[in-house]
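Here is the structure we will look at, set down as structure tokens.
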Amino acid sequence: MAFSLGGAGAGFGAFGTTAATASGQTTGFPFGATTGLFQSAQNKGFGFGGGFGANAATALGTGLGTSSTFGGFGGFGTQQQQQQTAGLFGQVAQPQTQSNQLINTASALSAPTLLGDERDAILAKWNQLQAFWGTGKGYFHNNLAPVEFTQENPFCRFKTVGFSCIPSNKDEDGLVALAFAKKETDIRNQQQQLVESLHKILGGLQQIMVNVEGVRALPDDQTEMVIYIIERFPNGNSRRVPATNLYSLLEQANVKNQLMQLGVLVTLPRTELSPAQIKQLLQNPPAGVDPIIWEQAKVDNPDPEKLIPVPMVGFKELLRRLKFQEQMTKQHQSRLDIISEDVNELQKNQATTVAKIAQYKRKLMDLSHRVLQVLIKQEIQRKAGYAIQADEEQLRVQLDTIQCELNAPTQFKGRLNELMSQIRMQNHVGGVKSEERYSVDGDLLGEIKQHLKLQQEGLSHLISVLKEDLEDVKLIEHGLSESVHIRRDLFS
């Protein structure tokens, strides 16, 4: 459901009625009746069948989210203003008048006889251009009134069909949306005063209480407030006033004037469509929409259970769709930012909780050891002076066995000591390797090489001298040995 937010003269009442009775008077909800403060309206819900009533100006629109009433069914923020003389989807009340209008339109577009010469052909093209654009008047005969071209005429080119969400709120939920020509911040600051003012407008009785379901921003600095009424009975029971009853009361002339003084542009009930109403809506294409395009739109519907086709006409509706889309994008982004902040906070809390759990585990282990030590001392004092019992002796043997297994060279303690020694050695080797880092200058390195070369040559010369001296020593020893033999021979 939707209505225009374009100005004071904007239409509303998409699929809604003003609860007009057969006598033409608006059906109200008398206060103080025996059956409740709000009686049932004679014509509530959506007036299909014969249309929305004679000479009813209706508006069919879409919005940007199921929570938006003034955006329509919750589609993409478009609106189609449709005016018919006998209802939106009902039977034709004046077939002869519509037939004459169709004939006049065809004459204005094809064969005007206003001037009686070749200028009529130029006038026909001009009328066609106006019809395509959806504005202007088409003159075609001197004695007949011109044809009014609107965007609803079948020849208008600036139209298409989109999809909007089907409303899901029930009549007994009692939700009625009010569109204020004020910013969201102003409405929230004045929410309590507005509730009190609405209570006074509805009679100021103690048996009723005005409640706010929600407040959300709309494009063009407008705000939507969804309200419902709780009615209390003398026996202590209470109920929500049906949305159609509350809407009919708000549409009464005196109540509507007071709402306008509060800044309310339009009101609309949030009520769902019955299967029969949806079927009738789909079977009858809106005014100015080609039946073939309407049928194709029904075929292209991505989700017939949740979406319904709606017409979109003119650049004004395209701009309105864009505004609703931008508004909903901002709301989605703000919601994503809030969710992101919550996720970050939860992650921080999780990290803190994990650290606390580890801390408490360590504390629990320490306390367990302390309790165990206390129990040991207590048990020692309790058993002092008693002989060792059989079960204690058995336990001691088991503990000695476990201790021997742990102390065995090839068991756990030996392996642990070996691992610890390897770790220390690796750390020491790594530390030594990391410290042995030198850098020598190139000239100094050359000098060192030259010095070592000289040392090598000196050692070589010394070795050669030693070898020569060794040969001389051997020669002397040989000469001495020969002289000794000669002397022995002489004396012998």
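A simple count of charges around LEU268, restricted to other residues whose Cβ falls under 12 Å of its Cβ and scoring Lys, Arg +1 and Asp, Glu -1, yields -1. The heavy atoms of GLU272 present about 80 square angstrom of accessible area, all protein chains included, probe 1.4 Å. Among the protein heavy atoms, those of ILE103 account for about 100 Å² of accessible surface (1.4 Å probe, every chain in place). Amide H to amide H distances under 5 Å link MET312 with THR160, VAL161, GLY162, where only residues 5 or more positions off or on other chains count and H is placed in the peptide plane.
Could you give the Stokes-Einstein D for the range 150-272 in µm² per second, using the C-alpha Kirkwood radius, 4 °C, 1.567 mPa s?
Stokes-Einstein gives a translational diffusion coefficient of 81 µm²/s.
What fraction of the Cα pairs in the range 261-325, stated in percent, has a spacing above 17 angstrom?
60 percent
Peptide packing for 167-179, 151-163 was compared via the average number of neighbouring C-beta atoms within 10 Å per residue; ordered from the highest value, the list is 167-179, 151-163. With a 1.4 Å probe and every protein chain kept in, tell me what percent of the accessible surface of the range 333-492 is carbon plus sulfur. The value for the range 333-492 is 60 percent carbon and sulfur by accessible area.
The range 332-402 and the range 201-259 have Cα centres separated by 61 Å.
Taking all protein chains into account, the per residue accessible area for the range 356-402 stands at 98 Å² (1.4 Å probe). Computed over neighbours whose Cβ is under 12 Å from that of VAL176, the net charge equals -3, Lys and Arg +1, Asp and Glu -1. The label point for LEU395 and the one for GLU196, both projected 7 Å from the Cα toward the Cβ, are 7.8 nm apart. When peptides 370-379, 244-253, 289-298 are ranked by their average number of other Cβ atoms within 10 Å per residue, the highest-first order is 244-253, 289-298, 370-379.
Diffusion coefficient (Stokes-Einstein, Kirkwood radius over C-alpha pairs, 10 °C, 1.306 mPa s) for the range 337-460: 68 µm²/s, rounded to a whole number. The alpha-carbon of LYS159 sits under 19 angstrom from the alpha-carbons of these lysines, leaving out residues fewer than 8 places away in its chain: LYS298, LYS316, LYS323. Which FRET efficiency value, to the nearest 0.05, is calculated for ASP220 and ILE293 with the Förster distance at 41 angstrom and r the Cβ-Cβ distance? About 0.85, to the nearest 0.05.
Largest accessible area first, the residues ILE380, ILE339, ILE308 order themselves as ILE380, ILE339, ILE308 under a 1.4 Å probe with ligands, DNA and RNA left out.
Remark on the range 122-206: ratio of C-alpha radius of gyration to 2.2 N^0.38 Å is 2.01. Between SER99 and THR329, the C-beta separation translates, for a Förster distance of 41 Å, into a calculated FRET efficiency of about 0.30.
Computing the accessible area with a 1.4 Å probe over protein heavy atoms, can you report the carbon and sulfur percentage for the range 265-326?
With neighbouring chains kept in place, the figure for the range 265-326 is 61 percent.
Stokes-Einstein diffusion coefficient for the range 154-203 at 25 °C in a medium of 0.890 mPa s, Rh from the Kirkwood formula over Cα pairs: what value in µm²/s? D, rounded to a whole number, is 163 µm²/s. Convex hull volume of the C-alpha atoms in the range 229-353, normalised per residue: 278 Å³. Enter the accessible area of ARG119 (Å², nearest 10), with the probe set to 1.4 Å and all protein chains included. Approximately 120 Å² for this residue.
The values are calculated or read from the model by the stated rules, or taken from the named source; none is laboratory data. Owing to the predicted nature of the structure, the values given are computational and were not obtained by experimental measurement. Ideal geometry is used to build each Cβ from the backbone, glycine not excepted, and the neighbour counts take in all protein chains shown. Note: areas computed on protein heavy atoms with side chains; ligands, DNA, RNA excluded. Shrake-Rupley method; radii C 1.70, N 1.55, O 1.52, S 1.80 Å.
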